[in-house]
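**Student:** Please see the structure below; I have some questions.
FYI, it's all coordinate maths here, none of it is from the lab. Since the structure is predicted, the reported quantities are computational estimates derived from the model, not experimental observations. Every residue, glycine among them, receives a Cβ derived from its backbone with ideal geometry; neighbour counts consider all protein chains shown.
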Amino acid sequence: MFMKEGRLKKGWWSMDIKQQIKKFDEENKPFYMMDHEDGVYSLCLPLSFLSEEYRDFGQEAFNQYTIRAGESVTDGRFYTHGDGHEWKYVFEKAFEGEENLKKISFDCEAGGFFCYSSDFDVLAEYGRRFREMCMNEQEFTELVCSALSEDRQSVEEEISMEGMTPFFYAVAELARNKGFKMKGMQGGALTLTLKGEFAVVVDESGAISYHPYDEVFDIMDEVSELRKSIPPEDTGQGMRMNM
């Protein structure tokens with residue numbers, strides 16, 4: 001008799017969770033939740049398998065980040081940014097500092113965002129809140145840009161200044177002292193970033209292509225003065241030519 005009563009309670013609890021999941025799924029598309037029936041629940045966003053209605057859900061925010069970073073929105077086939085791993089960074093940024101975030105684990109992949117918890121209520125509440133953020137295009141765009149800029153800055157490796165022409169070396173030193181980072185040398189031009197995003201490209205002539213940050217305007221005159229004060233020399237891709 002006691003065993004039957006225990007099973008009944010468990011059955012009612014399972015039914016309650018199923019009802020809650022069904023309600024969540026209906027109200028928070030294209031996110032959905034799953035009960036793995038081992039005490040663990042998941043929140044899912046299958047980016048590669050979204051219905052036509054939600055095919056590019058949230059993607060515009062990632063595209064805006066791509067544009068700000070000075071990159072191409074696509075590589076010809078796929079979007080440059082917006083995979084499941086980057087959704088994870090955005091989710092973590094959205095709830096940064098919250099104690100309950102420690103109850104969430106992630107198993108994301110390029111084609112999907114997936115997170116897990118043994119606390120159903122915590123996971124469901126995060127899912128609802130995150131979906132609300134996604135539905136506010138301006139708010140979500142700023143969240144994405146903030147999250148990806150921080151991640152990019154944390155892993156960005158500066159290129160070596162060894163072998164640079166005196167002009168590029170001086171520009172690089174100036175930029176570093178003002179908080180910029182060197183992204184690379186390509187086509188005889190130096191690319192600088194600021195807070196993880198594209199900021200400015202300087203070529204050997206001193207010509208500048210830039211994003212209109214205040215910090216960029218602050219160094220433009222100084223770059224021009226450096227070009228005037230440092231004699232030009234034979235260069236190859238911005239590096240000294242060994243004759």
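**Student:** Roughly how many whole Å is it from the C-alpha centroid of the range 128-151 to that of the range 39-101?
**Tutor:** Using only Cα atoms to place each centre, the spacing works out to 9 Å.
**Student:** What share of the DSSP beta bridges in the range 166-240 is antiparallel, in percent to the nearest 5?
**Tutor:** Rounded to the nearest five, the antiparallel share is 100 percent.
**Student:** Okay, moving on. Taking Cα pairs under 8 Å and at least six residues apart, what relative contact order does the range 183-231 come out at, in percent?
**Tutor:** 22
**Student:** Using amide H atoms built in the peptide plane, which far-off residues or other-chain residues are under 5 Å from TYR32 H to H?
**Tutor:** HN-HN under 5 Å from TYR32: CYS44.
**Student:** Let me ask something else. Exposure proxy check: THR193, THR74, THR141 ranked by fewest other beta carbons within 10 Å?
**Tutor:** THR74, THR141, THR193
**Student:** Sticking with this one: Fewest to most neighbouring Cβ within 10 Å: what's the order for SER117, SER105?
**Tutor:** Sorted ascending by nearby Cβ count, the order is SER105, SER117.
**Student:** Still on this structure, please answer the following. Which order, highest average first, do 18-26, 84-92 follow once you tally other Cβ atoms within 10 Å for each residue and take the mean per peptide? If you can, show how the numbers build up before the last one.
**Tutor:** Working: 18-26: 13.7, 84-92: 19.9.
Ranked from most to least packed, the peptides come out as 84-92, 18-26.
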